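Taking it in order: structure first as structure tokens, then the write-up.
The values are calculated or read from the model by the stated rules, or taken from the named source; none is laboratory data. If you're wondering where the values come from, they're calculated on a predicted model, not measured in any experiment. We place every Cβ from the backbone using ideal geometry, glycine too, and count neighbours over all the protein chains shown.
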Amino acid sequence: MMEKQKHPESLMMTQGYRPEWSEGSLKCPIFQTSTFVFKNAKSGQSFFELAYGLRSKKLKESSGLIYSRINNPDLEILESRLCLWDKADSAAVFSSGMAAITTTVFELCSPGDIILYSEPLYGGTAHFFEKILPRFSIRAIPFPAALGPEKAIEKLNRAGGLKKLSLIFIETPANPTNDLVDISACVQFAKRCSSSKRKVVVAVDNTFMGPLWQQPLSFGADLVLYSATKFLGGHSDLIAGVCLGKKDLVERVRGLRSFFGCMADAWTGWLLLRSLETLKIRMTEQSQNASRVAERLLKRPEVERVYYPSLLPADTPQGRLYASQCLGPGSMISFDIKGGRKQAFKFLDHLKLIKLAVSLGGTESLAQHPATMTHVDLGPATRRRLGIGENMIRLSIGVENYSDILSDIEAALRAAVR
């Protein structure tokens, strides 16, 4: 009788590790080592031939351990578990989310290439696309998140046309407006722009939703990127990133990672293994708390507008996209407070339980002001165009008791807008 396939939350405890390999230790040890001892010289030769792509793997052959910049047991086990939720072929873990994004872009793009990207984006990614990539003669062209890549076709043609397009990079929901990008539409656009000689890759930054509430590969995306600092780590105590997806692409990215030296370390890998065991529990509680907060904010007289996926009208394009693409609303909320920067700052300064800090996805609730913090680099005109106002506040809802979160928010709202 065939054994039933276990669910991801169950496999997070065991995938890729056997206690008998490590003196019966229930949990995977931390392999805190820079280098590994070869059984013999022939093994060393064989391992390096594979590492440098000088030959293909034989049937049932695995890559040997050489050096922790190339591979490490903690990272290998972690990468196998990270594939489970997204149903990915392969994964590569990085020292940060930005390391994952920049390495992926540099592997997939060459001088003269064009990238299409949805906006708004996380401020660090936007800065990389707009300020860093031009130094390498790679041009990044934005399109409005809610409208899709077709809106950039005129700019794309002016920049050199479809033949130069190599990557469509989307972040959905968008940071911080929670605008949704149609992944399937981007995939279809990429196919139309591809040729026998050039495949246009679709990469999705899925950090805001995490693997529990959105799985871009199921909609045809080639790669998924995460700041693992956020929900995957979930305790605000590590910095890491992930690129996962189709094996051929991830292996290319992994190869460049080895030479850039931007892989995660063994200790970070071990911490992430710990965190993945509680991912579903944490994200479920956070989403339930956030839904209650968003509903309450909607009724507050001090609030002008709430940006939260489950509040999107069902009969609108964005509402229909949420219903078809997302498995839940997640725990990221933005809202516009009545007034301007003064009222937004007063609100933030009167919070007690919720901490004033950037980042997101941790067990604790956080609040920040995008216009002067994470998205300050965009400039006033761009922020206005993208709907990131001086009165916008972004919340990352944690696992505290929801009534305490609500009390803290309501007291701060009353203090800010009298």
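Among the residues of region 389-403, are any touching an Asp or Glu at 6+ places or on another chain (Cβ under 6 Å) and assigned to a helix (DSSP H, G or I)?
Scanning region 389-403, I find no residue that is touching an Asp or Glu at 6+ places or on another chain (Cβ under 6 Å) and assigned to a helix (DSSP H, G or I), so the answer is no.
Name every residue in region 166-178 that is crowded, with 24+ Cβ neighbours inside 10 Å and under 23 Å from S331 (Cα atoms), in order of residue number.
Scanning region 166-178 gives F169, I170, E171, T172, P173, A174, N175, P176, N178.
R384 versus (1) in a helix (DSSP H, G or I); (2) buried (at least 21 other Cβ atoms within 10 Å of the Cβ); (3) not hydrophobic (A, V, I, L, M, F, W, C): which is the lone unmet condition?
(2)
Does G16 meet the test of being of a type in the set (G, A, S) and modelled with pLDDT under 90?
So G16 passes the test.
Please go through (1) under 31 Å from the mean Cα position of the chain (by Cα); (2) within 22 Å of G255 (Cα to Cα); (3) of a type outside the set (G, A, S); (4) not assigned by TED's automatic domain parsing to the domain that holds F259 for R55 and return the number of the only condition it doesn't satisfy.
(1)
Out of the residues in region 333-348 that are in a helix (DSSP H, G or I) and in contact (Cβ under 8 Å) with a residue 12 or more places away in the chain, which is surrounded by the most Cβ atoms within 10 Å (Cβ to Cβ)?
F347
Hey, could you check region 289-327 for residues that are among the hydroxyl-bearing types (S, T, Y) and assigned to a loop (DSSP other than H, G, I, E, B) and say which is nearest to N175 (Cα to Cα)?
Result: Y308.
Of everything in region 90-116, what is within 12 Å of S166 (Cβ to Cβ) and of a type outside the set (A, V, I, L, M, F, W, C)? Give them in sequence order.
T104, E107, S110, P111, G112, D113
Looking at region 404-418, which of its residues are outside any helix (DSSP H, G or I) and either aliphatic (A, V, I, L, M) or in contact with a Pro (Cβ under 6 Å, 6 or more places away or on another chain) (or both)?
Answer for region 404-418, where residues must be outside any helix (DSSP H, G or I) and either aliphatic (A, V, I, L, M) or in contact with a Pro (Cβ under 6 Å, 6 or more places away or on another chain) (or both): just V417.
Quickly run through region 109-129 and pick out the residues that are more than 15 Å from I170 (Cα to Cα) and out of contact with any helix residue (DSSP H, G or I) (no Cβ under 7 Å at 6 or more places or on another chain).
Across region 109-129, the qualifying residues are C109, S110.
Anything in region 364-374 that is touching a Gly at 6+ places or on another chain (Cβ under 6 Å) and either exposed (fewer than 15 other Cβ atoms within 10 Å of the Cβ) or at pLDDT below 95 (or both)? List them, or say none. Steps first, please.
Filtering region 364-374 down to residues touching a Gly at 6+ places or on another chain (Cβ under 6 Å) leaves 364-365, 374.
Of everything in region 364-374, just one residue is touching a Gly at 6+ places or on another chain (Cβ under 6 Å) and either exposed (fewer than 15 other Cβ atoms within 10 Å of the Cβ) or at pLDDT below 95 (or both), namely T374.
Any idea which of (1) touching a helix residue (DSSP H, G or I) at 6+ places or on another chain (Cβ under 8 Å); (2) surrounded by fewer than 15 Cβ atoms within 10 Å (Cβ to Cβ); (3) modelled with pLDDT of 95 or more is the one R55 doesn't satisfy?
(3)
Just a yes or no: is a residue in region 332-354 under 20 Å from the mean Cα position of the chain (by Cα) and over 16 Å from S291 (Cβ atoms)? Reasoning before the result, please.
Residues of region 332-354 that are under 20 Å from the mean Cα position of the chain (by Cα), as a first pass: 332-334.
Still in the list and also over 16 Å from S291 (Cβ atoms): none.
No, every residue in region 332-354 fails to be under 20 Å from the mean Cα position of the chain (by Cα) and over 16 Å from S291 (Cβ atoms).
Does region 15-51 hold any residues that are surrounded by 12 or more Cβ atoms within 10 Å (Cβ to Cβ) and assigned to a loop (DSSP other than H, G, I, E, B), and which are they?
Passing the criteria: Q15, G16, Y17, K27, C28, P29, I30, F31, Q32, T33, F36, F38.
Identify the single condition in (1) over 24 Å from N206 (Cβ atoms); (2) within 22 Å of the chain's Cα centre (by Cα); (3) touching a residue at least 60 places away in the same chain (Cβ under 8 Å) that P329 does not satisfy, given that it satisfies every other one.
Single failed check for P329: (1).
Restricted to region 158-182, and to residues that are at pLDDT below 95 and out of contact with any strand residue (DSSP E or B) (no Cβ under 6 Å at 6 or more places or on another chain), which residue is nearest to T372 (Cα to Cα)? So that I can check it myself, show each step before the final result.
Of all residues in region 158-182, those at pLDDT below 95 come to 158-164.
Filter again for out of contact with any strand residue (DSSP E or B) (no Cβ under 6 Å at 6 or more places or on another chain), leaving 158, 160-163.
On the way: R158: 33, G160: 35, G161: 36, L162: 36, K163: 38 Å.
Among those residues, the one meeting the criterion is R158.
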